[in-house]
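The values are calculated or read from the model by the stated rules, or taken from the named source; none is laboratory data. Being a predicted model, the structure only gives us computed values, none of them experimental. Positions of Cβ are backbone-derived with ideal geometry, glycine not excepted, and every protein chain shown enters the neighbour counts. Keep in mind that these areas ignore ligands, DNA and RNA; they rest on the heavy atoms of the full protein, side chains included. Shrake-Rupley method; radii C 1.70, N 1.55, O 1.52, S 1.80 Å.
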Amino acid sequence: MKPKIILTIISIVISNFVISQNTIKSCPSVSNDLQQAFGNKIIKINQTDLREDFKDLEFLKKIIGNKRFVLLGESSHGVEEYSMIKERLIKFLHQEMGFEVILFESDLFDCNTSYMICDSFNTAEFMKNSIYNAWHTDINLKLFKYIKEKKNSDNPLFLSGFDIKTGINKVTANYKLYDYYKKYFSTEGFIEFVTLDSITNNYFRNVILYGREKDFNDSLSSSLFNRYNKLLNHINKNTEDINKKIIERVILNKKCLINIINTAKNDPSKYLAMRDKCMAENIEWIAGNLFPEKKIIIWAHNGHIRKNMDHRKNIPTMGFLLSEEIKEQSYIIGLYCLKGSLAGGGDRRVYNVNCLRKNSLEAIICNTDYEISFIDFTKKYSINPNKKIFLFKQKKTISQVKQSYDGLLFIKNISPPNYIKN
C-alpha cells in the first residue's frame, strides 16, 4: 500500500476517534444510577428522512397495542425535524396500525371544513385553510398532499382540529368554508353566522393574542354572546345530520372565545387554562360524535398533551383535563431535542437552544450515537421514582416525567423549518 494512502487512512481513523471523543466529552455527566436505569432502555430510530420503510418503528406496535389515541407533542412548533418524524409516525400509524383520523392543534371549523372540500383546493390552499401558519412548511405540505390523496381511497386519513381560535394569518378565502354550511341556516342566519365569526375572531386576536386590553368592550362581549344564542334559532330544524351538530359546536367554541376575552384579558395563565379546557372538551366531542369508532392521532404542543398539570404555573393542561376513559385509551409521546436552533414566535425569529444539563435525560441520549431516540416510560425502571432528573432544562422527579408522558422521543440536532410563502 502506498505511504500516502496509509497516512490518509490513519488520518481518517484518528480524526474519527477525536470527533467521537469530543462528542462524548461534550456530553454532561450522568449519575451511575440514572445511566444504568435508562441507558440500556433507549430505542434507536434509524431514519430521519421521509422514506416509508417502517422497520425501525415496528416496536411501537407492541408499546401502543390497542390504544385508540396517540398524542404526538413537540417542545416547539418551529422545528423541521419534529414535523419530519411526525409525518413518518402518522403514516406508520395510518398504514400499519389502523389509525384513521389526525386532529391538529388548530381550529375545529377550519380543519374539518377544509378537509370536507379539499378537492376544491390545491394542496397549499388546503393546508393554509386548515392549520395555523406555524406549520405552513414544506414538510407539512407533503403530509397534506398525503391526506388529500387518501381522501377518496379505501383507506382515508380524516382531518379535523380541536382548537377554538382561527389562524392569525388566514391567506385564502374563507367563503368556501362558510358556503359549505349555507344550507343549514336561514338566509338571515347565514349572514349572521359569517358576520359574527369575523367580528369574534378579530376581537379575540386584538384583546388576547395581541394584548390590546384597551380594545376590550363589555357591551360588545354581551352583544356577541346574545347574538350567538339567537343564531341557534336560525339553524335548520329539519336537518339532523352531523354538519348541523358541527355548526352548533362551532357556535359553542365562539362563545368560549368570548368567555376567555371577558375573564382572561390581562391574565395569560387564565387564557391558557380556559383554552385547554375548551380543547379537551372538543376532543371528547369529536371522539364521541364525529369519529366514534375510529382510532385517532392528535398533534399538539407538549404543553397541551401532558397528562399532568403544569406544576410551575399550576395550570391544568388539555391532557390532564381529558376524561379518564380517554386517558386510559391513550399513548402520549413528548418530542424533545438536545440542541440546535428553531423558529419561534409570530415573526419566526431563529433561536439557539441547548437542553444538555448534568443528570438530564438529554445527557443520557447524548452519550449514544443515535440521531433519534425513544424511551418508553410505561416500563418499570429500577430506580427511585423520586430521583430528580432534568428534562428540557426543568428539574423533575422521574415519577413526574412518567405522569406526564408514556413515551419520549428525542432528536439530537434540530433546525428551523422551511416555510412556504403565504
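A few remarks follow.
- Two numbers describe the Cα atoms of the chain: Rg and Dmax, which are 23.6, 90 Å.
- Peptides 92-98, 250-256 ordered by packing proxy, namely the average of other Cβ atoms within 10 Å per residue, highest first: 250-256, 92-98.
- Spatial extent of segment 46-127: Rg and Dmax, with the Cα atoms as the point set, Å: 14.3, 39
- The C-alpha atoms of the chain define a longest principal axis, and helix 3-25 lies at about 60 degrees to it.
- Equivalent ellipsoid semi-axes - Cα gyration tensor, segment 212-257, angstrom: 27, 12, 5
- Once the Cα gyration tensor of segment 262-337 is diagonalised, semi-axes √(5λ) in Å: 23, 16, 10
- The order of the peptides 294-303, 28-37 by mean Cβ neighbours within 10 Å, most packed first, is 294-303, 28-37.
- Radius of gyration over Kirkwood radius for segment 94-248, both on Cα atoms: the Rg/Rh ratio is 1.00.
- Share of carbon and sulfur in the accessible area of segment 238-312 stands at 50%, probe radius 1.4 Å.
- Most tightly packed first, judged by the mean number of other beta-carbon atoms within 10 Å of their residues, the peptides 218-226, 106-114, 79-87, 412-420 read 106-114, 79-87, 412-420, 218-226.
- Average accessible surface for the chain: 45 Å² per residue, computed with a 1.4 Å probe over protein heavy atoms with every protein chain in place.
- Compared with the dominant principal axis of the Cα atoms in the chain, helix 268-285 is inclined by about 80°.
- Relative to the longest principal axis of the Cα atoms of the chain, the long axis of helix 187-204 makes an angle of roughly 40 degrees.
- Dividing the summed helix terms, -39500 (n - 2.57) for each DSSP H run of n ≥ 4, by the number of residues in the chain produces a 222 nm estimate of -13500 deg cm²/dmol to the nearest 500.
- Net +/- balance of residues flanking residue 402 in space, Cβ distance below 11 Å, scoring K and R +1, D and E -1: +2
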